[in-house]
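The block underneath contains the structure these notes are about, expressed in structure tokens.
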Amino acid sequence: MVDLGVMQQLCGLPIDGNCAQKDLLAIHQGAMAEQFVGQELVAAGHAELHYWAREAKSSSAEVDFLVVVDGRICPVEVKSGPAGRLRSLRLLMDTYPNCRTGYVLSCAPYAEVPEQNPVFLPLYYAGYLRARHEEQ
């Protein structure tokens, strides 16, 4: 989709019902938050968006976005609610050590622990991810 409103219409989500929601990020099981981040990444110059998925007999794993900044892969996970354990993001980063920094975009405040990954950023920071990644 190219627009949150178009997505909302195609999903059959009533506009008036969504405005009354207490947590707008949880609308349609977080799909609106992912759509917002995707739009922001494209608007910030990430011409191609990718995702990572691993299918195994015992379990599957998925990371919402992979973007390339200065030749480095940058995994991005979008969370509309509590971040949880982030198993998929950690699995990707363990499997591919060249993905040094992962990002979690959510409604949580900024948080970074130098010895650990990922970096937690507010959802609205998606458009500035390229600048944030280049600082490192």
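The values are calculated or read from the model by the stated rules, or taken from the named source; none is laboratory data. Source: prediction; values computed, not measured. Here the Cβ is made from the backbone with ideal geometry for all residues, glycine too, and neighbour counts use every protein chain on show.
In the stretch 52-73, how many are under 20 Å from Tyr124 (Cα atoms) and surrounded by fewer than 21 Cβ atoms within 10 Å (Cβ to Cβ)?
Going through the stretch 52-73 one residue at a time, the tally reaches 3.
From (1) buried (at least 18 other Cβ atoms within 10 Å of the Cβ); (2) farther than 12 Å from Leu129 by Cα; (3) modelled with pLDDT of 85 or more, pick out the condition that doesn't hold for Ile27.
(3)
Taking the stretch 88-102 on its own, how many of its residues are surrounded by 19 or more Cβ atoms within 10 Å (Cβ to Cβ) and farther than 20 Å from Ser60 by Cα? Working first, answer last.
Taking the stretch 88-102 and keeping what is surrounded by 19 or more Cβ atoms within 10 Å (Cβ to Cβ), we get 88-89, 92-93, 99, 102.
Subset that is farther than 20 Å from Ser60 by Cα: none.
Matching residues across the stretch 88-102 total 0.
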